[in-house]
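The values are calculated or read from the model by the stated rules, or taken from the named source; none is laboratory data. Since this is a predicted model, take the numbers as computed values, not measurements. Reconstructed Cβ throughout: ideal geometry from the backbone, glycine too, with neighbour counts over all protein chains shown. The accessibility values were calculated without ligands, DNA or RNA, using every heavy atom of the protein model including side chains. Shrake-Rupley method; radii C 1.70, N 1.55, O 1.52, S 1.80 Å.
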Amino acid sequence: AQPGGARGRQWFQLYMWRDRDRSMALVDRAAKAGYDTLLVTVDVPVAGARLRDKRNGMTIPPALTLRTILDAVPRPHWWIDFLTTEPLSFASLDRWSGTVGELLDSMFDPTVDYTDLAWIKEQWPGKVVVKGVQTLDDARRCAELGVDGIILSNHGGRQLDRAPVPFHLLPAVAAELGDSTEILLDTGIMSGADIVAAVALGARSTLVGRAYLYGLMAGGEAGVDRAITILGDEVRRTMRLLGANSLDELGPEHVTQLTRVQPLPRPGQAVRS
């Protein structure tokens, strides 16, 4: 849903499991439930290290640890919610004793390739978007396969922290694909100015992960609405400061601080400008 009660489009994010039948059963349920776009995620062949999950003992369902108890002591409303509401549960999984990363390694299929992507596309009646594209060649091949859109993403840096920065990849992909395939950008969107910069460099739109989760944790549905409002205000303010009246007026000339992090030169090696 969108602020004000308006209904938004429904996208189903697919992580292909080793059990293909169960995966496609979920896809079928999503189609029957009215989801119009299938978001095929390809940047989690195996889980990243996720060291914080290991330190915190993150399990499914979440378990009380000494640290969580200490965090909750000065927040009595947390205890009230914990004691008076149904335990947190997941529709597709009841229990797992290991970390979330270990769960991903056991469930997800790391062998998914372009043949599988074409097969998935044949099964789905709506639009198909591929999330997790990190190279120009992969962007090109997805477009040649006929997908409706791609999402440049490195999974928020939670998989491989040295993966390509999607914002740096965006100009080359936009120049290559033009208007033939929708280009979206994910990772690093922390303000409305980030959204404006992405659109200016060729993205149709962006995905937002952390911002709405912060709003959800702070104030539930009202907090999410507030986060969206803040992002919208920042987009409009940034565009006014740039002198742009519409998104169509945005272009690469509006982004002047795009820089790459380059390896330090070896001793005696010339520095490229």
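Scanning the range 25-34 for residues that are open to solvent by 30 Å² or more (accessible area, probe 1.4 Å) and closer than 22 Å to P45 by Cα returns A25, L26. Within the range 212-243, the set of residues being at positive phi and in a helix (DSSP H, G or I) comprises G220 only. Please indicate, with yes or no, whether at least one residue in the range 159-175 is in contact with an Asp or Glu (Cβ under 6 Å, 6 or more places away or on another chain) and among the small types (G, A, S). Within the range 159-175, not a single residue is in contact with an Asp or Glu (Cβ under 6 Å, 6 or more places away or on another chain) and among the small types (G, A, S). Answer yes or no: is there a residue in the range 208-223 that is surrounded by fewer than 16 Cβ atoms within 10 Å (Cβ to Cβ) and within 22 Å of V129 (Cβ to Cβ). Yes, the range 208-223 contains at least one residue that is surrounded by fewer than 16 Cβ atoms within 10 Å (Cβ to Cβ) and within 22 Å of V129 (Cβ to Cβ). The set of residues from the range 152-193 being part of a loop (DSSP other than H, G, I, E, B), touching a strand residue (DSSP E or B) at 6+ places or on another chain (Cβ under 7 Å) and within 15 Å of A211 (Cβ to Cβ) comprises D186, I189.
The set of residues from the range 151-164 being touching a residue at least 60 places away in the same chain (Cβ under 8 Å), open to solvent by 30 Å² or more (accessible area, probe 1.4 Å) and within 23 Å of R140 (Cβ to Cβ) comprises Q159, L160. For first residues located in the range 232-250 and touching a residue at least 24 places away in the same chain (Cβ under 8 Å) and within 15 Å of I189 (Cβ to Cβ), partners that are of a type in the set (S, T, Y) and surrounded by 12 or more Cβ atoms within 10 Å (Cβ to Cβ) and lie 6+ apart or on another chain with Cβ distances below 8 Å form the pairs E234/S191. Would you check which residues across the range 26-55 are assigned to a helix (DSSP H, G or I) and at pLDDT 90 or above and list them? Those that are assigned to a helix (DSSP H, G or I) and at pLDDT 90 or above: L26, V27, D28, R29, A30, A31, K32. Residues being at pLDDT below 95, open to solvent by 40 Å² or more (accessible area, probe 1.4 Å), out of contact with any Lys or Arg (no Cβ under 8 Å at 6 or more places or on another chain) and of a type in the set (S, T, Y) are entirely absent from the range 184-202. Taken over the range 56-74, the criterion of being at pLDDT below 70 and either outside any loop (DSSP other than H, G, I, E, B) or open to solvent by less than 60 Å² (accessible area, probe 1.4 Å) (or both) is satisfied by N56, G57, T59, I60, P61, A63.
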